[in-house]
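Single-structure report; data block below.
The values are calculated or read from the model by the stated rules, or taken from the named source; none is laboratory data. As the structure is a prediction and not an experimental result, all values here were calculated from the model. Note: ideal-geometry Cβ built from the backbone for every residue, glycine included; neighbour counts use all protein chains shown.
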């Protein structure tokens, strides 16, 4: 049993924006989730789902109507001003648009959180140099934000967020303005920082591929309500909510088979004795070379039409769309074997 206090624990959180001119809007409705120390916890939803409101409640930038938000065991709304400032110092935050000061150098931007805290200038300079080395920007200390690429600016923002050695790093759509290659490098940086510093990361996004790349846990939010949460592998392998399924589909090319079948493409034309199957990994226990095994064991010809397999939490996740040829009995035996190995099987055409 793990008796450690969660880094963030949210229970029945409700937040409503009230307006004299317009109808009140409920941004969060009885949201509950627990983020353990050391998690890389992804919160995903469409625009307007309540993601940013949720993360702003965690660091005290937003109040809330009811429920509880506890960070390191302390209720956020009960904190006095001094304790709230301490919370924000220990909770770093990075944003989609970097929020750098254009008139300050890279080093000057990273130094900002250290000003006014009693740290002497040489100590600040040493800390800034350490942070820039951590994010790979030591040679750009004297440059200005306008001279940097988007990815470099986000690295500056990450270094700034780490200045006060936070326990938790909140990332609010931090890769949304970046191209795919830069996104990948920033996510790898966040994972490296998580691993080396032991920091808890809460990652807000609308992109399931971001969750898939670095998170170990996920919560899916829809119109202010958590519709699904759990370990990333489990949610990807067997999504329950319709919104989650639609998000998972964006990370895979396997659904192309649906269009090919609808178009009666030559790629999916079948000869007698052939079937088209979708094979999905739904368990972490799979390690065998299943396609070659069923080919040999059941005397089948197996042609892979589509494949999308990734490694998530150290285990294969994804699946294959295959065209299988053989006798009816051998195909049925192969399907029974695969199901017994916890492979999800769907016959798409026969």
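Annotations
- Some residue of segment 154-170 being on the phi < 0 side of the Ramachandran plot, assigned by TED's automatic domain parsing to the domain that holds residue 244, assigned to a helix (DSSP H, G or I) and surrounded by fewer than 20 Cβ atoms within 10 Å (Cβ to Cβ): no
- The residues of segment 293-315 that are surrounded by 12 or more Cβ atoms within 10 Å (Cβ to Cβ), modelled with pLDDT of 85 or more, over 16 Å from residue 271 (Cβ atoms) and in contact with a strand residue (DSSP E or B) (Cβ under 6 Å, 6 or more places away or on another chain) amount to a single one, 295.
- In segment 78-116, the residues that are closer than 27 Å to residue 18 by Cβ and in contact with a strand residue (DSSP E or B) (Cβ under 7 Å, 6 or more places away or on another chain): 87, 91, 93, 95, 96
- From the options 230, 273, residue that is at positive phi and under 29 Å from the mean Cα position of the chain (by Cα): 230
- Residue within segment 182-193 that is outside any helix (DSSP H, G or I) and either in contact with a strand residue (DSSP E or B) (Cβ under 7 Å, 6 or more places away or on another chain) or not assigned by TED's automatic domain parsing to the domain that holds residue 149 (or both) present: no
- Any hit, segment 321-338, residues being surrounded by fewer than 18 Cβ atoms within 10 Å (Cβ to Cβ) and modelled with pLDDT under 85: no
Yes/no per residue for (1) within 15 Å of the chain's Cα centre (by Cα); (2) more than 19 Å from residue 34 (Cβ to Cβ); (3) buried (at least 22 other Cβ atoms within 10 Å of the Cβ):
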site	(1), (2), (3)
193	no, yes, no
199	no, no, no
203	yes, no, yes
206	yes, yes, no
210	yes, yes, yes
215	yes, no, yes
225	no, no, no
235	yes, no, yes
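- Of the criteria (1) in contact (Cβ under 8 Å) with a residue 24 or more places away in the chain; (2) out of contact with any strand residue (DSSP E or B) (no Cβ under 8 Å at 6 or more places or on another chain); (3) under 24 Å from residue 10 (Cβ atoms), which one residue 242 fails: (1)
- In segment 319-342, the residues that are more than 21 Å from residue 268 (Cβ to Cβ) form Cβ pairs under 7 Å with partners that are in a strand (DSSP E or B), at six or more places apart or across chains, as follows: 339/345.
- Hits in segment 324-350 (condition: touching a strand residue (DSSP E or B) at 6+ places or on another chain (Cβ under 9 Å) and assigned to a loop (DSSP other than H, G, I, E, B)): 326, 342, 350
- Residue match in segment 82-92 (condition: under 16 Å from residue 189 (Cβ atoms) and modelled with pLDDT of 95 or more): no
Quick grid of which residues meet (1) in contact with a helix residue (DSSP H, G or I) (Cβ under 7 Å, 6 or more places away or on another chain); (2) under 16 Å from residue 254 (Cβ atoms):
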residue	(1), (2)
297	no, no
307	no, yes
311	no, no
315	yes, no
319	no, yes
331	no, no
